[in-house]
Amino acid sequence: MYAFGLCIDQQYLVPGLAALCGLADGLTPAARRSAAVRVLTLDLTRTQALLFSDLAKRRGFGSFDIRRCVPLRTLRMADASYISITTYLRFEFTRAFVHRPYLIYVDADVLVQGDLTVPLGSLRPDETGAVRDEFNPTVGACPALPGAAERWPHLRGRPYFNAGVLWLHTDHMPRVRRGVEHALTHARRHILHNDQDALNLWLLRSGRVRPVTGGFNRFEVGRFLERGNWVRRVVRRSPKPDPAATLMHFVGPEKPWQADCPATEDVVEYRRHLAGVMRQVRRLGAVGMEPAGVR
């Protein structure tokens, strides 16, 4: 019925494997057997692709496929400080490749802690499910979409969504792709957060968004509080780990698999999960992949 979609390059191979195992942990064995995993990549080798396939089968997923592709020709990297063009691959999933009615797209820098399929129950065929961005929640009151609220005043105050987790009906994906391309072509000056801004311009223009509750894409904020208090001005919830969150998203340049990342409670939990994943990877015969600090 559904497939999980991941976009992985060589830099994100290890966290991609961790995300895959987290997705498996969030499902019952029966649900895993009926679920699919689809991976798009720019540069994974055949050996790395086989590792993904073997791990997906070991974790009980009923179907796996991986495909090399290139991103949109109209892509614009306004911010390339820690993000690569691989981010645009999320719009390259096709109905023929997914081969399921639904796609749940998931970023690789996440810790999945529950079942991500729940929002599919309320998703209409012509909608994209997304969670409101915790750091950029409102158009015109955040850095995202610079100048858009001045150009189109009716957009001011509208919700802005994070693209790290998306729920889509596969019949709707071509419309999303065309909408993103239109935004990249005709509203380039309003693009700051790369493909995420382009997606939000499409969602604002079309109105085809299904808001999903925050726990399905909760930001890990402890790393930012280690460097300053600005996050307290935009995030109104407690910065403590949220045990009810279905997914913890490690946005920003500091990632939990990096040795110099602040060891917050959520980072420690992620590293515990990653260590378990790497033990499974070693049992599959892969060696020498562990990030610094992971055993």
Compare ARG208, ARG218 by solvent-accessible area with a 1.4 Å probe and give them largest first, with all protein chains kept in place. ARG208, ARG218
MRE, 222 nm, helices only [DSSP H, n ≥ 4, -39500 (n - 2.57), over the chain, to nearest 500]: -9000 deg cm²/dmol
Tally up the carbon and sulfur contribution to the accessible surface of region 64-122 as a whole percent, 1.4 Å probe, everything protein left in place. 50
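Relative contact order, percent, of the chain when contacts are C-alpha pairs under 8 Å separated by at least 6 residues?
Computed over the chain, the figure is 20 percent.
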When the Karplus curve 6.51 cos²θ - 1.76 cosθ + 1.60 is applied with θ = phi - 60°, which whole-Hz ³J(HN,Hα) does each residue of region 266-279 get, with x for Gly and Pro? 5, 5, 4, 5, 4, 5, 5, 4, 5, 4, x, 5, 5, 5
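Among 135-146, 194-205, how do they line up from the highest to the lowest mean number of other beta-carbon atoms within 10 Å?
My ranking of the peptides, most packed first, is 194-205, 135-146.
With every protein chain kept in place and ligands, DNA and RNA left out, what is the accessible area per residue of the chain? Probe 1.4 Å, answer in Å². Before the final figure, lay out each step's value.
Details: 12830 Å² over 295 residues.
Per-residue value: 43 Å².
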Carbon plus sulfur fraction of accessible area for region 159-295, probe 1.4 Å, in percent: 50
Could you grab the relative contact order for region 140-204? Cα pairs under 8 Å, six or more apart, rounded to a whole percent. 42
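The values are calculated or read from the model by the stated rules, or taken from the named source; none is laboratory data. The model shown is predicted, which means the values in this text are computed figures rather than measured ones. Don't worry about glycine lacking a Cβ; one is built from the backbone with ideal geometry, like all the others, and counts go over all protein chains shown. Keep in mind that these areas ignore ligands, DNA and RNA; they rest on the heavy atoms of the full protein, side chains included. Shrake-Rupley method; radii C 1.70, N 1.55, O 1.52, S 1.80 Å.
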